[in-house]
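Peer 1: Below is a structure I'd like to ask you about.
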Amino acid sequence: MKDWKHPLLRSRMEHFRIGILLVLGITCIGLLAGAGVQPQVRGTAAGSQPLTGLTVALDPGHGGYDGGARAHDSGIWEKEINLQIALAVEKELTARGAQVTLTRREDICLAPGDTATKARKRADLKARTDLAQAAGADVFLSIHLNEYRSRSESGPQVFYQQGGEAGRLLAGALQEALVAGLKPAKVRKAMAGDYFVLRSPIPSALVECGFLSNAAEEKLLLDPVYHARIAAALADGLTEYRQLLQRVDP
Ligand SMILES: [Zn+2]
């Protein structure tokens, strides 16, 4: 029964069989590799990943009644994009061995009430830094998007609390990594500021990922592919920050 087929057809059948075997083989290797990687992702294989042992608190800025900035063309609120970016960052950091806590996973304000008062806003911000401290975070990153009246302003920019050395190192490393990873048209430097969420004892940075008031950057900031690039850059920056800390305090 084997030899009735035309030699060319037989050859094709062989190729098909070899193809199936190859696919099965690659799938098995993938499954085995996946099984080997999983414990490292959970942080049990100490030192095997660049961010193993690092606990990161990610804070998607704004939420609930507080929408933050509004995208000029699409009308989408900053709070929504901040959360999408934070989830992408969580995915990347976890894959590189970090433990990650998010201050919110939904569109909520962390302070109870139904008013838009300054006191409630302050309570919301305090709840975020309290969560980071309760999680034992080594690093706190608040994710935001910028806006400006001039639509020509663009580029990511990282802020740190004036006078905080660890925050300055952290913000500098993140800023350089964002510039290297995103290659923005406008290159900015990390800057000192005075932000409530940066005043906790945890080394902290406020990451403005780009300008929602800039037409080209708004398009990028709405794209999940760009979110993944931001995430990879921030993961690179955190790796660099850890190395800087070891040099300062071996
Ligand atoms: Zn913001």
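Peer 1: Just the number: Rg to Rh for the range 103-250, Cα atoms, Kirkwood Rh, two decimals.
Peer 2: Numbers: Rg = 15.8 Å, Rh = 16.2 Å.
For the range 103-250, the value is 0.98.
Peer 1: From the square roots a ≥ b ≥ c of the eigenvalues of the alpha-carbon gyration tensor of the range 189-238, which class results: rounded (a/c under 1.5), prolate (a/b over b/c), or oblate?
Peer 2: oblate
Peer 1: Still on this model: Just want to confirm a number: the relative contact order over the range 148-234, from Cα pairs under 8 angstrom separated by 6+ residues, in percent.
Peer 2: 41
Peer 1: Further question on the same structure: Rounded to the nearest 0.05, what FRET efficiency is calculated for Arg247 and Ser74 with R0 set to 41 Å and r the Cβ-Cβ distance?
Peer 2: Computed FRET efficiency for Arg247 and Ser74 comes out at 0.45.
Peer 1: Now a separate question. Step through the table entries Lys183/Lys219; Lys126/Lys186; Lys186/Lys219; Lys91/Lys219; Lys121/Lys183; Lys79/Lys183, compare each Cα-Cα distance with 26 Å, and write down the pairs that go over it.
Peer 2: On the way: Lys183/Lys219 15 Å; Lys126/Lys186 33 Å; Lys186/Lys219 16 Å; Lys91/Lys219 22 Å; Lys121/Lys183 34 Å; Lys79/Lys183 24 Å.
Too far apart for the 26 Å limit: Lys126/Lys186; Lys121/Lys183.
Peer 1: Fully extended, how many nm does the chain gain between Val187 and Lys118 (0.36 nm per residue separation, minus their Cα-Cα distance)? Walk me through the numbers on the way to the answer.
Peer 2: Values: separation 69, 0.36 × 69 = 24.84 nm, distance 3.34 nm.
Net length gain for the segment: 21.5 nm.
Peer 1: Order 216-224, 90-98 from most to least packed using the mean count of other Cβ atoms within 10 Å.
Peer 2: Ranking, from highest mean packing down: 90-98, 216-224.
Peer 1: Subtracting the Cα-Cα distance from 0.36 nm times the residue separation, let me have the gained length for Arg105 to Lys219 in nm, one decimal.
Peer 2: Contour length minus the Cα-Cα distance gives 38.7 nm.
Peer 1: Can you tell me how the range 176-216 classifies by the Cα gyration tensor, rounded, prolate or oblate, using a/c under 1.5 as the rounded cut?
Peer 2: Verdict is prolate for the range 176-216.
Coordinate-derived values only; no laboratory data. Owing to the predicted nature of the structure, the values given are computational and were not obtained by experimental measurement. Counting neighbours? That spans all protein chains shown, and the Cβs are built from the backbone with ideal geometry, glycine included.
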